[in-house]
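Asks: Sharing a structure with you now.
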């Protein structure tokens, strides 16, 4: 009997304090139109995964969950997305591990080999954009290269 396929991620919901503002932000940054769906949600198609914006403004005393980590997007036009992010004034001002040579808001090659930059959406959700050809997916070759790089540093 064939083993069933692994479950696949098809939708990620991000809380939005101001849904119209967040929708405009994501449509501009991602370069795609969102669609309003029931329940105070806007969906944006991002490849096989839907990024959903969940309206939190109407919920009395609602607190946004603190994101554990950024949502990562892969793009073949990293510089174009970065230009849109710069116009939106959402680039991260932080530095990777406090290192002045690694500003998170700039598209540079990270120690693990990805060329990427980070932003923050209007509700404080962190996002990262990665050049598609440099994605770190944890293959054995990538892990070995990362170990060599970090051991020699």
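Asks: Just the residues that are assigned to a loop (DSSP other than H, G, I, E, B), over 27 Å from residue 54 (Cα atoms) and without any contact (Cβ under 8 Å) to a residue 40 or more places away in the chain, please, taken from region 78-113.
Replies: 99, 100, 101, 102, 106, 107, 110, 112, 113, listed by residue number.
Asks: Restricting to region 107-124, name every residue that is within 25 Å of residue 15 (Cα to Cα) and in contact with a helix residue (DSSP H, G or I) (Cβ under 8 Å, 6 or more places away or on another chain).
Replies: 116, 117, 119, 121, 122, 123
One line per residue, one yes/no per condition, for (1) in contact with a helix residue (DSSP H, G or I) (Cβ under 6 Å, 6 or more places away or on another chain); (2) closer than 19 Å to residue 121 by Cα:
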{"residue": "1", "(1), (2)": "no, no"}
{"residue": "14", "(1), (2)": "no, yes"}
{"residue": "34", "(1), (2)": "yes, yes"}
{"residue": "57", "(1), (2)": "no, yes"}
{"residue": "68", "(1), (2)": "no, yes"}
{"residue": "79", "(1), (2)": "no, yes"}
{"residue": "105", "(1), (2)": "no, yes"}
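Asks: What's the total number of residues in region 1-32 that are free of Cβ contacts under 8 Å to residues at least 24 places away in the same chain and loosely packed, with under 11 Cβ neighbours inside 10 Å?
Replies: 7
Asks: Quick check on region 136-148. Is at least one of its residues at pLDDT 90 or above and under 26 Å from residue 21 (Cα atoms)?
Replies: No, the conditions are met nowhere in region 136-148.
Asks: Name the residue, out of 36, 41, that is farther than 24 Å from residue 118 by Cβ, exposed (fewer than 15 other Cβ atoms within 10 Å of the Cβ) and not assigned by TED's automatic domain parsing to the domain that holds residue 131.
Replies: Matching residue, one of 36, 41: 36.
Asks: Turning to a different aspect of this structure: Among 102, 74, which is the only one that is surrounded by 15 or more Cβ atoms within 10 Å (Cβ to Cβ) and at pLDDT 95 or above?
Replies: 74
Asks: Please specify each residue of region 123-134 satisfying the condition of being farther than 12 Å from residue 72 by Cα and either assigned to a helix (DSSP H, G or I) or modelled with pLDDT of 95 or more (or both). Reasoning before the result, please.
Replies: To start, the set of residues in region 123-134 that are farther than 12 Å from residue 72 by Cα comprises 123-124, 133-134.
Passing the criteria: 133, 134.
The values are calculated or read from the model by the stated rules, or taken from the named source; none is laboratory data. Not measured: the values here are computed from a predicted model. Note that each Cβ is placed from the backbone with ideal geometry, even for glycine, and that neighbours are counted across all protein chains shown.
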